[in-house]
Structures are given as C-alpha cells and as structure tokens.
Amino acid sequence: MRNFKEDAALNTLNHSCAHLMAQAVKHLYPNAKFWVGPVVEEGFYYDIDLGDAVIRDEDLAKIEKEMKKCAKADKRIVRQEITRAEALEQFADDPYKVDLIERMPEDTNISMYTQGDFTDLCRGPHVSSTKECRNFKLLKHSGAYWKGDKNNKVLQRIYGVCLPTAEDLEDHLKDLEDAKQRDHRKLGKDLSVFMFSETVGSGLPMWLPNGFTIRRILSDYIMDKELAQGYVHVMTPSVVSTKLYKISGHLAHYKDDMFPIMERDGDEYCLRPMNCPEHMIMYKSTLHSYRDLPVRIAEIANDFRFEAGGALTGIERSRAFTQNDSHIFCTPEQIAQEIKNVTKLILDVYGDFGFENYSFRLSLRDKENTEKYFGNDALWEKSEAELREVLKEMGVPYYEAEGEAAFYGPKIDVQVRSALGHDVTLSTIQLDYQLPERFELEYVDHTGAKVRPVVIHRAILGSLDRFVAFLLEETKGALPLWLSPRQVVVIPVSPEAHSEYAEKVVSELKKHGVRAELDNRNEKLGYRIREAQTHKIPVEIVVGDGEIADQAVTVRRYGKKEAAKSSLNDFINDILDEIASRR
C-alpha cells in the first residue's frame, strides 16, 4: 500500500485535491467553514463545520460530482503571501481560520492558495491546476472533535484519495478493497476468533473458542521451541505491588501508559505493563554461580497497558494482551552467543510461517533527549555497540533508528510489513545492564566474587494478539492447516443416509488429534460446501454411497475447485504428515 504522506508527489497532489473537495463543498454548502485538510498515509481528509447539516453516505456522490466540475474547469492554483493582519481581515468571518492565524507569530507572512472562486490558507505546495486533481475518490466520512478536544464542537470529516492517472486510481481502489477484506477486525468477527464489548471495556479483547484454539497452538509451538533451547517456563501474577515498579523504574518512566494504581489496606497495587521485574525477583531468589549461567526464564504472560483510545486497533493494539516473553541472565562473555541464538530462533520461526517481508532495526537512545532514559552514557554506548557488533558478525542486514530504544536499554526490533501496509514490530531483543543494577542481581564468578549479570529481554512471537492479527491479515483468515482452529469438516451428501459413516470419519480423525467436525444439517449439499468455504475451513470431506462402499473420502481444499478421492487410512496419514510438518 502506498504512503501518501511520505511520497512527495502524492502528498502535493492529495493536498491539492483536499482543496478541490473544499471548493466543491463550499459550492454545495455556502455557509461551510473549514478547519484543516492534511495529507495522511491513506490520502487526505478535511474537517468541516457545516452548521446543522450532516454528511451522509449518499452525499459523497453529490460532492464528487461537484468536484469533477471544479476539476474540469481547469482553474490555475495561485499562491499568494499576505501579512498576518491582512489574513485576519480576509478571514474575519471564519473562527477556525482566525484561530489558526492568531497562533502564528505577528511578524510572519502567511501563504494562501486560490483556485477560481475558492481561497484557503495553506503552506503548500500545490499542483498548478485543478485539472491535475481529476482522478479522485471520496472514501468515507466521520465526526471529529475540533482540535481533537471532546469539549469542542464535532466537525464533519471527509476522507478521500487522489492518484495521477485513472488507472492508478482503479488499482489503488482494488488494493483498498483487498485491504478491507484482510482487516483482522473484520476477519476476527467473521471467523469467530475474538470479540470486543463496550460493557467489558474498550480495548479489552475476549477470545472466542476458535481464537483460543489458535492461541493455545501458538503457545505450545513456541514453548516447545524454547524448551529445546534450554528455557524454563514460569507463571507470575498480573497484579503486583507498586514497590516492584519503583525499583525497576517503570513507575517513574512508564506510569502514563499504565492503568491507575489501586490502594488496599494501605498498600498500592497495579496491573503490570510487562513482567520483566518479576523475573528479576525470581532470579534473585536463588544464589547463582557462573556455571549456572545463562539462566533463560520464559513466560506466556498477560500484560496491561492503558493505550490512548485513538491508538486502539483491534487486537493489533489493545489494552490487555499476552506476550511470549523471556529474560536471559548471562555473563558479559555470553552476550554475543545468546543474542545470536535468539536471532537464529527468530529466523527459524519466521521460516516456519513463511515470512519474507521483514527487516532488522537497531533501536537506539535519542541522544538529544536522554532524560527519558535511565543509566549512564558509558553503559548505553557499550550496549549499543555490542548489539551492532552481533548484527554485523551474523551478516544480518539492518538499519538504525534513534529514539526507538526502551527506556532501560537499546534493542533489536524485527519490523514486518503487513498486508495492509502497517510497519509492525513482531520480535524484539533488548540488552539491559540497568535492571540488574537496580535489582542488585548477582552471580558468583570463577574467582568467587559476586558480580552483576547482564539481562537480555526477548520476545519471539511478541504479543500473541498482534501476531494473530498479522497472520489473519496475511492469510485473509485462511490459516495453514496446522494452525487452523477448524481443520476438517465432514459433509454427508444425505444427512439421513450417510451420517453414520460421516460420524465414523470424524471419530477416526479426532482419535488422531485432528480438529474435525460434522455438518449433517438438513440443508442442501451445495449450501453446506459453500458454508465451509465461507468459514475458510482448510479441508472439506464429502461422503456418499461411493465413499461408504470403498471406505474412502472425497477431499477438497479451501480455495480449490477440484476434489480427489482417497482411502480413509491414506487421507489420515497424509493429513497427519502435513500437520506435523507445518506445511
């Protein structure tokens, strides 16, 4: 998907088209007043005060028709600079423009653009003529508080997009339709994976049976991988004393992103935003020798963060989520090898899922704004250099990003480009000298002295919630067989005549751990087959007289028209092999 904000040519074109839309709206609604019309990643929007009028879906076509007239008129778009005083006089009857102008320095010159009978304040740049904006589409509308303040008036916000050619626009609209079908929020509802309820709370997902099955499979999958690499799994509470987060520094550095503190019996408690401090306490509970290290503690942990309402995006960004988290306690000499092991594990997992469109990002401290981090400069420089060196040794292509580090240390983030064009962080590796110091962690080295370990924070699947959202969007909900919550549906041609054999097939599959179900509803065969396709069940089995006679099954895969007949035993062996190999 294109990013209209970052592409300079598309940015100019779309900002010009926002003015074209405003001109058309002014023709249709002469009393309209305009706030701002910025370019965003998906195109443009304009916030408009229409008085008592309310934009409805059918009004968009009316506005588009008027926009086409304005574009066809081929009016030159002319830039002019005026003084602040002149601007206040010219826009005196528009409180929104007056508000913008009054916030500018008194000695500044203000630019504005005119096209035919429409003039608006703008920094620009713009295209030269309205005709260049003729390939557009208005996409949707909504309400928006003036300045984003809920105490202010609700304005009408209209979204649109503009491309250089009609072919470009057609292709983009197809991409948007594809994105709409891939949106994990739609798929999650259609496939009964998760749900939200305002009664339960905004940003708090509830996982339905299908969704819980996916989570369970992912949890087992990654824990098996971790066990093979010497991790031990633990469980820690989601509610903790604020004493823990005072020691860790989260209360000072992260409080605004946490749920409010609870007070009971003179003590303060909070919902944890992450579980690393609890793992520090676990490590500290036992005296360790250098021979014990590395100690790799892992957890499938429920965490809570009070994300801003406007940032909530289904299960991709929510207020309650589950992390595939781990903390590796090691000696300084073990850092490089442990980070290499984690990187190899990430690449192994991405290979299992067929991920290809990802990149490694070295996330560094913002050197111009160091007060939001704790620790000294020397440790930061040391840890950043160590991560950089490991990436170079492994030959992993990466790029650097200042200001993306955690407040306690730099990290390696794996950025994945989703099917919807989102840049998503799935996996992360963080190097931390700070928390071992704050928690006074120790191990006995080979000389008998007590020294500090180093901690590597790492998450392979990251948030299970975000990982599932990414998978749903990548696959359009057609998950691979091994991960699908409903793997096989068995459909008897005649529910009366063939259900007994169909039940036998389901029973045999379930004995082998296959998630199979029977659809013997009193509906037409074609309807039941289409239902299985709609719910994206990977394998449909149809059984009738011929299958009963041969003790066989007729198999069709999701998205395929052709079907193949196989003996029941051969089918079971084939499907078990496919599930085991995670093809």
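What follows is calculated from the coordinates using simple rules that are stated; it is not laboratory data. The structure presented is a predicted model; accordingly, all values stated were derived computationally and were not measured. Note: ideal-geometry Cβ built from the backbone for every residue, glycine included; neighbour counts use all protein chains shown.
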Lone cysteines in the chain, going by a 4.7 Å Cβ-Cβ cut-off? Cys70, Cys122, Cys270, Cys276, Cys330
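If eta is 0.692 mPa s and T is 37 °C, what Stokes-Einstein diffusion coefficient results for segment 471-566, Kirkwood Rh from Cα pairs, in µm²/s?
D = 243 µm²/s.
So what's the net charge close to His126: Lys and Arg +1, Asp and Glu -1, counting the other residues with Cβ under 13 Å from its Cβ? Write out the running numbers ahead of the final one.
On the way: positive: Lys75, Arg76, Arg79, Arg123, Lys131; negative: Asp120, Glu132.
Value of the local net charge: +3.
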Taking the alpha-carbon distance from Lys476 and a cut-off under 21 Å, which lysines remain once sequence neighbours fewer than 8 residues away in the same chain are dropped? Lys174, Lys180, Lys186, Lys189, Lys536, Lys560, Lys561
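Summing +1 for each Lys or Arg and -1 for each Asp or Glu, what net charge is found among the other residues whose Cβ lies under 14 Å from the Cβ of Arg272? All intermediate terms of the calculation are to be shown ahead of the outcome.
Working: positive: Lys243, Lys246, Lys255, Arg305, Arg319; negative: Asp257, Glu268, Glu278, Glu299, Asp303, Asp325.
In short, -1.
Can you tell me, using C-alpha contacts under 8 Å and at least 6 residues apart, the relative contact order of segment 491-540 as a whole percent?
Details: 32 pairs, mean separation 20.7, N = 50.
Computed over segment 491-540, the figure is 41 percent.
How high is the FRET efficiency from Lys565 to Ala497, r the C-beta distance, R0 22 Å, rounded to 0.05?
On the way: r = 18 Å, r/R0 = 0.84.
The calculated FRET efficiency here is 0.75.
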Span from the segment 348-389 Cα centroid across to the segment 74-101 one, whole angstrom: 46 Å
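Which of the trypsin sites (Lys or Arg not before Pro) found in segment 133-191 are in a DSSP loop and have at most 14 neighbouring Cβ atoms, other than their own, within 10 Å?
Lys150, Lys153
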Lys/Arg +1, Asp/Glu -1 at C-beta; segment 488-581 dipole; positive extreme among Thr534, Ser581, Val555: Thr534
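If r is the Cβ-Cβ distance from Glu381 to Ala179 and R0 is 35 Å, what FRET efficiency results, to the nearest 0.05? Could you put the intermediate results ahead of the total?
Numbers: r = 42 Å, r/R0 = 1.20.
That pair, Glu381 with Ala179, gives E of 0.25.
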What spacing in nm lies between the two simple spin-label points modelled at Lys367 and Leu204, each 7 Å away from Cα in the Cβ direction? 4.5 nm
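Ordered by packing density, taken as the mean number of other Cβ atoms within 10 Å over each peptide's residues, highest first, how do 8-15, 119-126, 232-239 rank? If you can, show how the numbers build up before the last one.
Details: 8-15: 18.6, 119-126: 16.9, 232-239: 13.4.
Result, highest mean Cβ count within 10 Å first: 8-15, 119-126, 232-239.
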Taking log10 I(q)/I(0) by the Debye sum over Cα atoms at q = 0.08, 0.10 Å⁻¹ straight from the coordinates, which label in [x] -0.55, -0.87; [y] -0.87, -1.15; [z] -0.77, -1.06 is the correct one? [z]
Distance in nm between Asn522 and Lys510 label points, each 7 Å along Cα→Cβ, equals 2.3 nm
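Full extension from Val396 to Arg557: what is 0.36 nm times the residue separation minus their Cα-Cα distance, to one decimal in nm? Intermediate values should be presented prior to the final figure.
Working: separation 161, 0.36 × 161 = 57.96 nm, distance 3.74 nm.
Length difference between fully extended and current span is 54.2 nm.
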Cα centroid of segment 204-274 to Cα centroid of segment 24-49, whole Å: 44 Å
For Lys69, counting only aspartates and glutamates whose alpha-carbon sits under 15 Å away and dropping same-chain residues fewer than eight positions off, the answer is Asp117, Glu132
Run a plain Debye calculation on segment 8-182 (Cα atoms as equal point scatterers, no solvent) and give log10 I(q)/I(0) at q = 0.11, 0.17, 0.18 Å⁻¹, rounded to two decimals, same order as the q list. -0.46, -1.10, -1.23
Mean residue ellipticity at 222 nm from the helices of the chain, using -39,500 (n - 2.57) per DSSP H segment of n ≥ 4 over the full residue count, to the nearest 500 deg cm²/dmol? -11500 deg cm²/dmol
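Counting other C-beta atoms within 10 Å, and keeping those with at most 15, which DSSP coil GluC sites (Glu not before Pro) do you find in segment 141-214?
On the way: sites: Glu167, Glu170, Glu177, Glu198; in loops: Glu198.
Passing both the DSSP loop test and the Cβ count: Glu198.
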Base-10 log of normalised Debye intensity for segment 241-386 (one unit scatterer per alpha-carbon) at q = 0.12, 0.17, 0.20, 0.21 Å⁻¹: -0.72, -1.44, -1.57, -1.54
Total charge dipole magnitude, segment 263-318, about the Cα centre, Cβ charges on Lys, Arg, Asp, Glu only, Debye to nearest 20: 320 debye
Of Met223, Leu431, Thr343, farthest towards positive along the dipole that unit charges on Lys, Arg, Asp, Glu beta carbons give segment 194-475: Met223
Could you work out the relative contact order of segment 194-475? I mean the mean sequence separation of Cα pairs under 8 Å and 6+ apart, divided by the number of residues, in percent. 20 percent
For Ser128 and Arg103 in one chain, what is 0.36 nm times their gap in residues minus the Cα-Cα distance, to one decimal in nm? 6.1 nm
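Multiply the residue separation of Asp117 and Lys72 by 0.36 nm, subtract the distance between their alpha-carbon atoms, and state the gained length in nm to one decimal. Don't jump to the answer; show the numbers that get you there.
Values: separation 45, 0.36 × 45 = 16.20 nm, distance 1.43 nm.
Length gained, Asp117 through Lys72: 14.8 nm.
So if R0 is 41 Å, what FRET efficiency would Val232 and His253 give, r being the distance between their Cβ atoms, rounded to the nearest 0.05?
Working: r = 29 Å, r/R0 = 0.70.
Approximately 0.90, to the nearest 0.05.
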Could you tell me which residue out of Phe259, Thr331, Cys70 lies farthest along the dipole of the chain toward its positive end? Charges go on the beta carbon: Lys and Arg +1, Asp and Glu -1, centred on the Cα centre. Cys70
Among 210-216, 577-583, how do they line up from the highest to the lowest mean number of other beta-carbon atoms within 10 Å? 210-216, 577-583
